[in-house]
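What follows is one structure encoded as structure tokens, with my remarks underneath.
The values are calculated or read from the model by the stated rules, or taken from the named source; none is laboratory data. Keep in mind it's a predicted model, so treat the numbers as computed, not measured. Heads up, the Cβs are rebuilt from the backbone with ideal geometry, glycines too, and the neighbour counts pull from every protein chain shown.
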Amino acid sequence: MEGTFDVRIFSIEPRKRKSGYTYRVVWTVNKRKHSETYPTKGQADGRRAELKTAANNGVPFSTITGLPITFASKAAEKGWYSFATEYVDWKWARSSGNSRKNVAKAMTAATIALLRTQPSQFDPRDVRTALREYAFNTKRRSSSLPDEVREILNWVERNTLPMSAWEDTAKAEAVVAALGTLLDGTAAAASSVTRNRRIMSLALDYAVKHNVLRTNPLTKIGKQDSAPRVGQAISKRSLLNPSQVAALLEWIGKRPRRGLLYQAFFATLCYAGLRPEEAVALRVADATLPDSGWGEFIVHKAQPEVGSQWTDTGDVHEDRFLKGRAEGDTRTVPIHPDLVVLLRQIIAKYKLKPEGLLFPGEGGKTLAGSVFRRVWDKARREVLTPHEYNSPAGKRVYDCRHTCLTGWLNAGIPPAQVAEWAGNSVPVLLAIYARCIVGQLADYLKRIEEVRYLPVAA
């Protein structure tokens, strides 16, 4: 820990509050001001005496925390990089692939902010890549590292500040700012900022639990600098109308070779409201497809695409249980008669087996997100007008699900039933789709028209 003897300790400052007085101890270290506030004068006198005794005894003061070196906690003995990799390793076995990836991104941003100096000898992008893809990836860090990555990480380990840096409010605020900033200096999306702060707060809670830090510094900062609000509700502009959906599905179905299979995949999102990671995990046996009428999906797992470096198996997709449900839980979703006919067609055309995937990718593997996103984007470009293509309407594949669920609600299906089919809770469903429920206002007004408090005019 870096220390100095340039210390000045000032008189106690009483400060009047509505509830009485508080007392502030003020001192400078290397001309940088530090202060602590206490509810009683006795406590403030005691703290000032401790600082005075340390200064008179020739104890150096930390230039990071402003406190005598002898006051240092375990935070002064442990480097941030060492702590961060330890925390990542502790979390690894109990985290999903997406969680692992998000933790690595947050830790990377914090580590860059906690460097003593920025690495002029390395490309900043290479440093971030080495941290994100190797340092904070337990599986890859424990294997053989490329020489250039090892050189970067060795430098980072030597040049990151100790955990006591978190006890410096200014430094902690700088890290929080970095968690909300992209590499080009622009602000990150509100959802990313909130996620990064939550990840960092959990990591610092771990530090407190293991006596590395006395308190979680983000608790104090959070009161002064709250994360931006994340809007749950979707925009009506992201929804497709029925004629647009029909035109897009028709165009996709006419593509050569696998067009009918892609059409069935997107129709499942638009008719049954499945999440893309749920649809790619469906097996033929998961669908009940009668000769006529309504069918039924038994949805029981999801296969999100996270990248082979983040999964235990080395596969691009990871087997997960349903979002928001216990492992092994299932949900039942009705299949529209039109979709039943289409699914029976693809099963016959592509000779799909009951145990096989309902929407297989090339070689029978799980359908890749990069593939179905490319197909969807091309369909939008070909079918929609330039204005519609450049708008949010159906821009993401996930918007097919939004379109479906909004359609169910607008058809008058009770929210509790829609939530059951969609795999959401009712409060979440209403928070997301409330602004998009239309077509029922006249009926609602008619229902309350007879509720009267004023006498009827003659």
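Remarks
- Candidates Phe83, Phe5: the one that is over 16 Å from Pro162 (Cα atoms) and modelled with pLDDT of 90 or more is Phe5.
- Flag for Lys91 being within 26 Å of His317 (Cα to Cα) and either of a type outside the set (Val, Ile, Thr) or without any contact (Cβ under 8 Å) to a residue 24 or more places away in the chain (or both): yes
- Filtered by the rule that a residue be of a type in the set (Gly, Ala, Ser) and in a helix (DSSP H, G or I), segment 78-94 gives Ser82, Ala84.
- Candidate set: segment 374-385, residues that are touching a residue at least 12 places away in the same chain (Cβ under 8 Å) and in a helix (DSSP H, G or I); chosen: the one surrounded by the fewest Cβ atoms within 10 Å (Cβ to Cβ): Glu382
- Single residue of segment 203-244 satisfying the filter (polar (S, T, N, Q), out of contact with any Pro (no Cβ under 6 Å at 6 or more places or on another chain) and modelled with pLDDT of 75 or more) that is surrounded by the most Cβ atoms within 10 Å (Cβ to Cβ): Asn216
- Some residue of segment 386-408 being assigned to a loop (DSSP other than H, G, I, E, B) and closer than 18 Å to Ala302 by Cα: yes
- Unique match (being in the same structural domain as Arg255 (by TED's automatic domain parsing), surrounded by fewer than 18 Cβ atoms within 10 Å (Cβ to Cβ) and aliphatic (A, V, I, L, M)) among Val397, Val371: Val371
- Residues (surrounded by 14 or more Cβ atoms within 10 Å (Cβ to Cβ) and of a type in the set (Asp, Glu)) located in segment 9-44: Glu36
- Flag for Arg331 being basic (Lys, Arg) and either closer than 26 Å to Ser425 by Cα or buried (at least 18 other Cβ atoms within 10 Å of the Cβ) (or both): yes
- So Ser191, is it surrounded by fewer than 21 Cβ atoms within 10 Å (Cβ to Cβ), assigned to a loop (DSSP other than H, G, I, E, B), among the hydroxyl-bearing types (Ser, Thr, Tyr) and at pLDDT below 90: no
- When segment 299-351 is filtered for residues that are over 18 Å from Trp92 (Cα atoms) and of a type in the set (Val, Ile, Thr), the ones remaining, listed by number, are Val299, Thr330, Thr332, Val333, Ile335, Val340, Val341, Ile346, Ile347.
- Note on segment 360-393: residues that are out of contact with any Lys or Arg (no Cβ under 6 Å at 6 or more places or on another chain), under 13 Å from Leu248 (Cα atoms) and not hydrophobic (A, V, I, L, M, F, W, C) amount to 7.
- Checked against (1) in contact with a Phe, Trp or Tyr (Cβ under 9 Å, 6 or more places away or on another chain); (2) at negative phi, Gly328 meets all criteria but (2).
- If the condition is being in contact (Cβ under 8 Å) with a residue 40 or more places away in the chain, charged (D, E, K, R) and either assigned to a loop (DSSP other than H, G, I, E, B) or touching a helix residue (DSSP H, G or I) at 6+ places or on another chain (Cβ under 8 Å) (or both), then segment 124-150 contributes Arg128, Glu133, Lys139, Arg140, Arg141.
- Counted residues, segment 179-188 - those being buried (at least 18 other Cβ atoms within 10 Å of the Cβ) and out of contact with any strand residue (DSSP E or B) (no Cβ under 7 Å at 6 or more places or on another chain): 1
- Some residue of segment 151-171 being under 24 Å from the mean Cα position of the chain (by Cα), under 16 Å from Phe83 (Cβ atoms) and in a loop (DSSP other than H, G, I, E, B): no
- Any hit, segment 114-123, residues being part of a helix (DSSP H, G or I), assigned by TED's automatic domain parsing to the domain that holds Tyr87 and either more than 25 Å from Ala75 (Cα to Cα) or touching a helix residue (DSSP H, G or I) at 6+ places or on another chain (Cβ under 6 Å) (or both): no
- Complete set of residues in segment 306-348 that are part of a strand (DSSP E or B) and either modelled with pLDDT under 90 or not assigned by TED's automatic domain parsing to the domain that holds Tyr262 (or both): His317, Arg320
- For segment 151-174, a residue qualifies if it is surrounded by fewer than 18 Cβ atoms within 10 Å (Cβ to Cβ) and under 21 Å from Trp92 (Cα atoms), and exactly one does: Glu157.
- Inter-residue pairs, beta-carbon under 8 Å, first in the same structural domain as Glu278 (by TED's automatic domain parsing) and of a type in the set (A, V, I, L, M, F, W, C) and in segment 409-430, second at pLDDT below 85 and outside any helix (DSSP H, G or I), 6+ apart: Leu409/Ile437; Val428/Gln232
- Single residue of Leu161, Leu114 found to be touching a strand residue (DSSP E or B) at 6+ places or on another chain (Cβ under 6 Å) and either closer than 26 Å to Phe61 by Cβ or of a type in the set (Val, Ile, Thr) (or both): Leu114
- Put simply, of Phe297, Phe265 the only residue that is surrounded by 21 or more Cβ atoms within 10 Å (Cβ to Cβ), out of contact with any Ser or Thr (no Cβ under 6 Å at 6 or more places or on another chain), touching a residue at least 24 places away in the same chain (Cβ under 8 Å) and outside any helix (DSSP H, G or I) is Phe297.
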